[in-house]
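*Asks:* Below are the structure tokens for one structure; questions will follow.
The values are calculated or read from the model by the stated rules, or taken from the named source; none is laboratory data. Everything quoted here is computed from the prediction, not taken from an experiment. Please note: Cβ atoms are built from the backbone with ideal geometry, for glycine as well, and neighbour counts cover all protein chains shown. Heavy atoms of the whole protein, side chains included, go into the accessibility calculation; ligands, DNA and RNA do not. Shrake-Rupley method; radii C 1.70, N 1.55, O 1.52, S 1.80 Å.
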Amino acid sequence: MEARTMTNLQDGMLLVRISDMSMLKDIKKAISMVKGVENVTQPRRKRISAYERSLRDLEEGRVYEAKDVDDLFKQCLG
């Protein structure tokens, strides 16, 4: 699991990091049963734009150069 950072935690907030995401639902349910817990929420992932994805693809080498469409398909499909 990737490391996530939350800033501006308010008094009375608890940050819990888990290693097995398949247990998330059960852990949220267990924590919500504890006396005094008002709610249990999961922060939403930041959506990245198509432009940001294309920059990441470029940085990570997921780019094809082709003479034409047929050449591109040959590279992609083998």
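*Asks:* If you check GLU38 against the conditions, is it among the acidic types (Asp, Glu) and assigned to a loop (DSSP other than H, G, I, E, B)?
*Replies:* yes
*Asks:* Anything in segment 41-76 that is of a type outside the set (D, E, K, R), open to solvent by less than 80 Å² (accessible area, probe 1.4 Å) and not in a loop (DSSP other than H, G, I, E, B)? List them, or say none.
*Replies:* ALA50, SER54, LEU55, LEU72, GLN75, CYS76
*Asks:* Does segment 17-35 hold any residues that are in a loop (DSSP other than H, G, I, E, B) and either free of Cβ contacts under 8 Å to residues at least 12 places away in the same chain or open to solvent by less than 80 Å² (accessible area, probe 1.4 Å) (or both), and which are they?
*Replies:* Selection gives ILE18, ASP20, MET33, VAL34, LYS35.
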